[in-house]
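What follows is a short report on a single structure.
What follows draws every value from the coordinates through simple rules; no lab data is involved. Since we're looking at a predicted model, the values are computed, not measured. Glycine gets a Cβ as well: all are built from the backbone with ideal geometry, and neighbour counts include every protein chain shown.
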Amino acid sequence: MTGSSSEETGGDTSQPREESEKECRKRRIGDLCVKEDCCPSNGICKGVCECQDGYVASLNNAQCVEVKKSPKEEIKNVTDACTVDPCETGTCIVDKLLGFRCACPFGRAGTLCGERVVITTPSFSGRSHLELPRLEEANQAMSVEVTFTSLNDDGIILFNAKHKNGSGDFVSLAVRNGFLEFR
């Protein structure tokens, strides 16, 4: 579904176009997708290609590799994994299967956040978000222009509330049942 908040309130309910075989061959983990066939082996499509449970993306994101489990006596203390600070610019997160994984800041990517990336069109997998400072002075009027493409029927595009905890007066722009909703 494609929508723009400037004049459109109903949304375009047309189905995403089918991807050609040529486009499907190019898909990597983290790339946008609309069907399972376009993702690497052992990958699933959730708006973006992701690896199934028990698999992790290869270093170049071209395939999903099975996580090899060590016998219990060989498992080391996973809480030690982040003490050496392996993530160049990211935050180290303890992972029971992998030992650790890196949460990269905006503009960085890769297993250890070592790659610089220029983001021209942000994409979200459903488990991520972009948080900006609250609009403190939006009591009387505000103007926001948003252009987006949604691969899902439901999702929040923008939310701003009066109080930091999300309570009080608010403004919300969302996709609900495939339609654009402004509240």
Completion exercise
Here the gain from full extension of residue 60 to residue 83, 0.36 nm per residue of separation minus their alpha-carbon distance, amounts to 5.7 nm
Handout entry: Distance (nanometres) between label positions extended 7 Å along Cα→Cβ at residue 116 and residue 181
Key = 4.2 nm
Fill in the blank from the handout: Semi-axes of segment 90-183 from the Cα gyration tensor (sqrt of 5 times each eigenvalue, largest first, whole Å) come to 30, 17, 15
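Around residue 136, what is the net charge, scoring Lys/Arg as +1 and Asp/Glu as -1 over all other residues with Cβ under 14 Å from its Cβ? If you can, show how the numbers build up before the last one.
Details: positive: 134, 162, 164; negative: 137, 169.
Net of charged neighbours comes to +1.
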Exercise for the section: Name the residues whose placed amide hydrogens come within less than 5 Å of the amide hydrogen of residue 44, ignoring near sequence neighbours (fewer than 5 apart) on the same chain. Expected result: 50, 51, 52
Exercise for the section: Take the Cβ-Cβ distance between residue 41 and residue 149 as r, set R0 to 45 Å, and report the resulting FRET efficiency rounded to the nearest 0.05. Expected result: 0.95
Handout entry: Förster radius 22 Å - calculated FRET efficiency between residue 156 and residue 91, Cβ distance, rounded to 0.05
Key = 0.40
